[in-house]
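Read-outs: derived from the displayed coordinates by stated rules, not from any lab. Quick caveat, the model's predicted, so the values are computed rather than measured. Counting neighbours? That spans all protein chains shown, and the Cβs are built from the backbone with ideal geometry, glycine included.
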Amino acid sequence: MRAKRDAVAAKAFFSKAFKQHGTPVKVTLDKSGSNKSALNFCNRDLGQGNEMEIRQVTYLSNIVEQDHRFIKKCTRPTLGFKNVYSAAATITGIENISIIQKGQIFGFESTRSVFHNFCALMA
């Protein structure tokens, strides 16, 4: 999370993501120019033959974008965030609860409530 959503922030995001998860074969983006320029920069470092396919199709990214609607619903009633750090902490908490509710964690048991799965995770 950065204060500005520009090419520098996009390069930092993609380099961190690629270090943690590896370089993807295909990347689907919306029409964001900063993300496209950051991925073009990353493709130059990969060399010929190993380049990522960059797809800028609005409708293909809708599936991922729909998942963010819940975060917007939770944060809209607030008066906004004072700084990037408080926004990052709040959004991380919302995302973690969402992951627990969807059962996307190790040790999830469908017979337990979300609260009990959270307690088991924290223990």
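Find me the longest stretch of the chain that has none of the exposed trypsin sites (Lys or Arg not before Pro), where exposed means in a DSSP loop (not H, G, I, E or B) with at most 13 other Cβ atoms within 10 Å. Numbers along the way, then the final one.
Values: sites that count: 2, 4, 5, 31, 82, 112.
Value returned for the longest uninterrupted segment is 32-81.
Name the residues whose placed amide hydrogens come within less than 5 Å of the amide hydrogen of residue 28, ignoring near sequence neighbours (fewer than 5 apart) on the same chain.
For residue 28, the qualifying residues are 55.
Dipole magnitude of the chain about its Cα centre, charges +1 at Lys/Arg Cβ and -1 at Asp/Glu Cβ only, in debye to the nearest 20? Could you put the intermediate results ahead of the total?
Details: 18 positive and 9 negative charges, 83 e Å.
In total the dipole reaches around 400 debye.
Rounded to the nearest 500, what is the chain's calculated 222 nm mean residue ellipticity when only DSSP H runs of at least 4 contribute -39500 (n - 2.57) each, over all residues?
Details: 6 runs with 70 residues, N = 123.
Helix contribution divided over all residues of the chain: -17500 deg cm²/dmol.
Could you tell me which chymotrypsin sites (Phe, Trp or Tyr not before Pro) in the stretch 30-123 are loop residues by DSSP with no more than 12 other beta carbons within 10 angstrom of their beta carbon? If you can, show how the numbers build up before the last one.
Details: sites: 41, 59, 70, 81, 85, 106, 108, 115, 118; in loops: 81, 106, 108.
When the chymotrypsin sites (Phe, Trp or Tyr not before Pro) of the stretch 30-123 are filtered for loop state and at most 12 Cβ neighbours within 10 Å, 106 remain.
Given Cβ point charges of +1 (Lys, Arg) and -1 (Asp, Glu) and nothing else, what value in debye, to the nearest 20, does the dipole of the stretch 1-65 about its Cα centre take? Mind showing how you got there, number by number?
On the way: 11 positive and 6 negative charges, 47 e Å.
Rounded to the nearest 20 debye, it is 220 debye.
To test your reading of the geometry: what angle, between 0 and 90 degrees and rounded to tens, separates the Cα axis of helix 84-102 from the longest principal axis of the chain?
With both axes taken from Cα atoms, the answer is about 70 degrees.
For residue 48, put the label point 7 Å out on the Cα→Cβ axis and report which residues of the stretch 21-42 keep their amide N under 13 Å from it.
Within reach of a label on residue 48, which here means backbone N under 13 Å from a point 7 Å along Cα→Cβ, the stretch 21-42 contributes nothing.
Could you point to the label whose value was computed as volume of the Cα convex hull per residue in Å³ for the structure here, given (1) 101; (2) 110; (3) 152?
(3)
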